[in-house]
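What follows is one structure encoded as structure tokens, with my remarks underneath.
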Amino acid sequence: MGKGYYISKHLATAAMVLAAIALVTIFALSVVYNREKSKNTAKFSNATTSPVFPTPKTSNEPWDKYRLPDTLSPQYYNVTLWPHLSVTAPAIKTSWFQTETQYLVIQLEGKPKPGKDYWLYTEFTGELADDLEGFYRSEYMEDGEKKKAFLCFDEPGMKAVFHITLIHDLETTALSNSQEIKNVIIDGTAITRTIFRPTKRMSTYLIAFVVSDFTHINAKDKKGVRIWARKRAIEDGQGDYALNITQPILEFFEKYYNTSYPLSKSDQIALPDFNSGAMENWGLVTYRETALLYDPRTSANGNKQRIVTVVSHELAHMWFGNLVTVKWWNDLWLNEGFASYVEYLGADYAEPTWNTVRTSLRGFFTNVPGGLERSKTPGVKLPYSVHEIMNCWILQMGFPVVTIDTRTGNVSQKHFLLEPEAVVDRKSEFNNEWCVPIKWMKKGQVQDQLWLLQKSAIHKPMKVSKNEWVLANLHVSGYFRVNYDLVNWERLLSQLESNHQVIPVVNRAQILDDTFNLARWENITLALRTTKYLLHEQEYIPWEAALRNLNYFFQLFDHSEVYDAMQAYLKKQVKPLFEYFGTISSNWTTVPSVISFVDNCISCPISNLEISNLYHQFFKMLYCTIRVVIHPNLRSTVYCDAIAAGGAEEWNFGWQMFQKATVAAEAVKLRSALACTKVPWLLNRYLEYTMNPEKIRKQDATSTIGYIASNIIGQPLAWDFVRANWDYFFQLYGTGSFTFSRLISDVTNRFCTPFELSQLKRFQKDNAETRFGSGSLCCEIRVIQILLQNVLLKDTTAL
């Protein structure tokens, strides 16, 4: 029997009818389609918009062909699929970027349901630029790159857990905030995927990524301390000092905060290019090389001091700032202010012989749990709760100057302002009154502490008899300045000149600093008279206070007839100190290990011929084939003095040394010294170098201009240069650089005349559209300062 399929006669008839209907339908649809097509063609041909032309049939472009070109050969795809079958999320309707507020706005088709979790997946591509912002590229002789920014809710109070994975070349190392847990090599490639442990709940601004070919040294401890830097720097031992101090400082802050270190590791990394000095990224702290690397052969004691204070500052943030974080940026002052205070406590613990902190409020804070209870320290009585006392300090701006009239015993306070007649628009809920704890002594004898709780009060023990004197803010334990009646000032000055050691060393510095700041815009005779006793002073802190304040006057008067007299006076005051150090150093064959002392105290502009000859001789010997080693503490002054005394040959030699420098601290000394030349065309060439990143790194451009502006010959050149290239500098640094705000201050630092003021105001007006970015406030402040400096010039008093 034959095989096949059979249908009935009726079924065959029905099928033929259906086929006929289908043919008729197809024919009808074809007719309708052709009619609509001709209508649409006519409609488009009569429209006012540009006609859409079909691609010519003769086109040979690949996008005009339906088949992919055979030159393509896909190797692999990265595909991640996560089907969520039980959750329906609202579809994305549209999105746009709000430039002014820097929001990516995503508008949904519907509303998300409260209590439900939704995932937002984004992909983005950006330029790997060298602008030192966000995800940026850094190049040096051994290569490296670091730090990435990504789409996020970027507010300090919006903490989250971060699951971080970095994909990078096999020969590089990836670092992030938490410990790496897995490195997976992608099959068939030289690429590896590094997966990190989930972070603690943390703020977005503390996230850090580093991909580099750096190496590290580590401590054998439970806190996972590692110091990362360029291979050569680590091999040369430049990370050893940071490694030695990081562990003790962490241990100190654990005791100080009474809280264990919150993370499983503590990476410190030195970056060749970094916008700020350091950043407290949680678990991965980033530094400029000068703030972490120390070479005992070339780095001065001042470099070591900077490293220990910066490291201590950043590690203090691991608790205060990172573990406990401000809700919004308007409280950042508390975050940074507190770290700026306790950095000295950590440094003092790491280097106890330096006497970094001779006294502190350590007991006050330690014995106040939560900062809101009354002190339970035996023998300590507070007039109010700690909460009430602290509110008057942190909820109103500024700090007081306490004035003591020893003729009557009256003690008063008012808001300290550099310009006493300035009008403060912001009202204080505390009426500019502070709860001021005053520790004091009378003629060398410590007295009972006084609390000043109102504008003024009579304290009879402060009323003194003949030949007695009062010294307040003993050991500078309070945050306020002190002024006295003129009689008491005269007695303090007499005590300084007869036996200055009766007054504690830190208070000798306080007297100098307070008088200069109180008298800056008034009669400066009193302030200058406090420097007379320096003829007998050998301690670092008073000299540091004196030179810091005198430097302001040197820059103000170095183009006036007063300058010669000031030089002669300071030369006389410094000479005994120079002779003293010459004796104990065997005529400078060795240098005492005093932090920054020699460098600061003999680098002031005194034109001492003996010193100049010594330094010039040192520098000239560098040209010889005989190797000459200049002590690191003297190099800044040696380099500057020799380049200032020389010409193009000396400058070019210094530039070659700078280019060859492998230690960041040494490079900074040379970069600063190159600005000391008195040859205008060399200074102009140096200014041009700041616009060439191959000569001066972008992170160093604005500070180099500042160095040049500190030179009396370079200041007008720098001012003209900045004005001529303002658009360039604003575009490159104006929105985010920490150093940009100092640029205007640096190049106008000597401005003090009405003409110079008019120049600055004109500069403001000419660049009103460009704006000033982070330098806006600085520009306004400089206008006010110049007005006041003009008053000071008119009131100049001879020494």
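The values are calculated or read from the model by the stated rules, or taken from the named source; none is laboratory data. Predicted model only: the values in this text are computed from it and were never measured. Quick reminder, even Gly has a Cβ in these numbers, built from the backbone with ideal geometry, and neighbours come from all protein chains shown.
Evaluate the following for Ile234: is it touching a residue at least 40 places away in the same chain (Cβ under 8 Å), hydrophobic (A, V, I, L, M, F, W, C) and within 30 Å of Arg697 (Cα to Cα)?
no
Just for the stretch 230-286: of the residues that are among the small types (Gly, Ala, Ser) and touching a helix residue (DSSP H, G or I) at 6+ places or on another chain (Cβ under 7 Å), which one is nearest to Ile164 (Cα to Cα)?
Ser266
Would you mind telling me which numbered condition in (1) assigned to a loop (DSSP other than H, G, I, E, B); (2) surrounded by 14 or more Cβ atoms within 10 Å (Cβ to Cβ); (3) out of contact with any His (no Cβ under 6 Å at 6 or more places or on another chain) Asn432 fails?
Here Asn432 meets the rest and fails (3).
If you go through the stretch 251-269, how many residues are crowded, with 18+ Cβ neighbours inside 10 Å and either acidic (Asp, Glu) or in contact (Cβ under 8 Å) with a residue 60 or more places away in the chain (or both)?
Of the residues in the stretch 251-269, 8 are crowded, with 18+ Cβ neighbours inside 10 Å and either acidic (Asp, Glu) or in contact (Cβ under 8 Å) with a residue 60 or more places away in the chain (or both).
Residues checked against (1) surrounded by 19 or more Cβ atoms within 10 Å (Cβ to Cβ); (2) closer than 25 Å to Phe399 by Cβ; (3) at pLDDT 95 or above:
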{"position": "Leu471", "(1), (2), (3)": "yes, yes, yes"}
{"position": "His475", "(1), (2), (3)": "no, yes, no"}
{"position": "Leu486", "(1), (2), (3)": "no, yes, no"}
{"position": "Asp514", "(1), (2), (3)": "yes, yes, no"}
{"position": "Trp521", "(1), (2), (3)": "yes, yes, no"}
{"position": "Thr530", "(1), (2), (3)": "yes, yes, no"}
{"position": "Pro542", "(1), (2), (3)": "yes, yes, no"}
{"position": "Asn551", "(1), (2), (3)": "no, yes, no"}
{"position": "Gln555", "(1), (2), (3)": "no, no, no"}
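Cβ contacts < 6 Å: first residue of a type outside the set (Asp, Glu), restricted to the stretch 511-522; second residue at pLDDT 90 or above and not in a helix (DSSP H, G or I), any location; separation 6+ or different chain. Result?
Ile511/Thr530; Leu512/Thr530; Thr515/Thr530; Leu518/Asn483
Can you list residue pairs whose Cβ atoms sit under 7 Å apart, with the first residue in the stretch 157-174 being within 16 Å of Thr199 (Cβ to Cβ) and the second being among the basic types (Lys, Arg) and assigned to a strand (DSSP E or B)? Count only pairs 6 or more apart in sequence or on different chains.
Listed by first residue and then by second, the contacts come to Thr165/Arg193.
Output the number of the condition that Val184 fails; it satisfies all remaining conditions of (1) of a type in the set (A, V, I, L, M); (2) touching a residue at least 40 places away in the same chain (Cβ under 8 Å); (3) not in a loop (DSSP other than H, G, I, E, B).
Among (1) of a type in the set (A, V, I, L, M); (2) touching a residue at least 40 places away in the same chain (Cβ under 8 Å); (3) not in a loop (DSSP other than H, G, I, E, B), the lone unmet condition for Val184 is (2).
Which members of the stretch 291-315 meet the condition of being among the hydroxyl-bearing types (Ser, Thr, Tyr) and crowded, with 24+ Cβ neighbours inside 10 Å?
Across the stretch 291-315, the qualifying residues are Tyr294, Ser299, Ser312.
So Gln495 clears everything in (1) more than 23 Å from Pro420 (Cα to Cα); (2) touching a strand residue (DSSP E or B) at 6+ places or on another chain (Cβ under 7 Å); (3) at pLDDT 95 or above except one condition, right? Which one?
Just one mismatch for Gln495, condition (2).
Which is small (Gly, Ala, Ser) and either buried (at least 19 other Cβ atoms within 10 Å of the Cβ) or modelled with pLDDT of 90 or more (or both), of Ser737, Ser758?
Ser737
Considering only residues that are in a loop (DSSP other than H, G, I, E, B) and surrounded by fewer than 17 Cβ atoms within 10 Å (Cβ to Cβ), look in the stretch 199-222 and name the one that is modelled with the lowest pLDDT.
Among those residues, the one meeting the criterion is Lys222.
Taking the stretch 222-250 as the region of interest, how many residues are of a type in the set (Asp, Glu) and out of contact with any Asp or Glu (no Cβ under 9 Å at 6 or more places or on another chain)?
2
Please enumerate the residues belonging to the stretch 245-304 that are under 30 Å from Ser672 (Cα atoms), touching a strand residue (DSSP E or B) at 6+ places or on another chain (Cβ under 7 Å), part of a loop (DSSP other than H, G, I, E, B) and not aliphatic (A, V, I, L, M).
Listed by number, the residues that qualify are Pro272, Asp273, Phe274, Gly277.
Tally the residues that are of a type outside the set (A, V, I, L, M, F, W, C), in a helix (DSSP H, G or I) and farther than 13 Å from Tyr686 by Cα, restricting the search to the stretch 647-675. Break it down into steps so the answer makes sense when it comes.
Within the stretch 647-675, the first condition is being of a type outside the set (A, V, I, L, M, F, W, C), and the residues that meet it are 647, 649-650, 652, 654, 656, 659-660, 662, 666, 669, 671-672.
Next cut, in a helix (DSSP H, G or I) only: 649-650, 652, 654, 656, 659-660, 666, 669, 671-672.
Now restrict to residues that are farther than 13 Å from Tyr686 by Cα: 649-650, 656, 659-660, 666, 669.
Within the stretch 647-675, residues that are of a type outside the set (A, V, I, L, M, F, W, C), in a helix (DSSP H, G or I) and farther than 13 Å from Tyr686 by Cα number 7.
Taking the stretch 455-470 as the region of interest, how many residues are assigned to a loop (DSSP other than H, G, I, E, B) and touching a residue at least 24 places away in the same chain (Cβ under 8 Å)? Before you say what the answer is, go through the steps one by one.
Residues of the stretch 455-470 that are assigned to a loop (DSSP other than H, G, I, E, B), as a first pass: 455, 459, 463-469.
Imposing the further condition that a residue be touching a residue at least 24 places away in the same chain (Cβ under 8 Å) reduces the set to 455, 459, 463-464, 467-469.
Residues flagged as assigned to a loop (DSSP other than H, G, I, E, B) and touching a residue at least 24 places away in the same chain (Cβ under 8 Å) within the stretch 455-470 amount to 7.
Within the stretch 417-430, identify whether any single residue is touching a Pro at 6+ places or on another chain (Cβ under 9 Å), modelled with pLDDT of 90 or more and either among the hydrophobic types (A, V, I, L, M, F, W, C) or more than 20 Å from Leu492 (Cα to Cα) (or both), and answer yes or no.
no
Answer yes or no: is there a residue in the stretch 712-725 that is more than 23 Å from the chain's Cα centre (by Cα) and of a type in the set (Asp, Glu).
Yes, the conditions are met somewhere in the stretch 712-725.
Which one is surrounded by the most Cβ atoms within 10 Å (Cβ to Cβ), of the residues in the stretch 612-662 that are hydroxyl-bearing (Ser, Thr, Tyr) and modelled with pLDDT of 75 or more?
Among those that are hydroxyl-bearing (Ser, Thr, Tyr) and modelled with pLDDT of 75 or more, it is Tyr639.
Can you report the number of residues in the stretch 334-351 which are more than 17 Å from Pro248 (Cα to Cα) and either among the charged types (D, E, K, R) or not assigned by TED's automatic domain parsing to the domain that holds Leu315 (or both)?
Of the residues in that region, 1 qualify.
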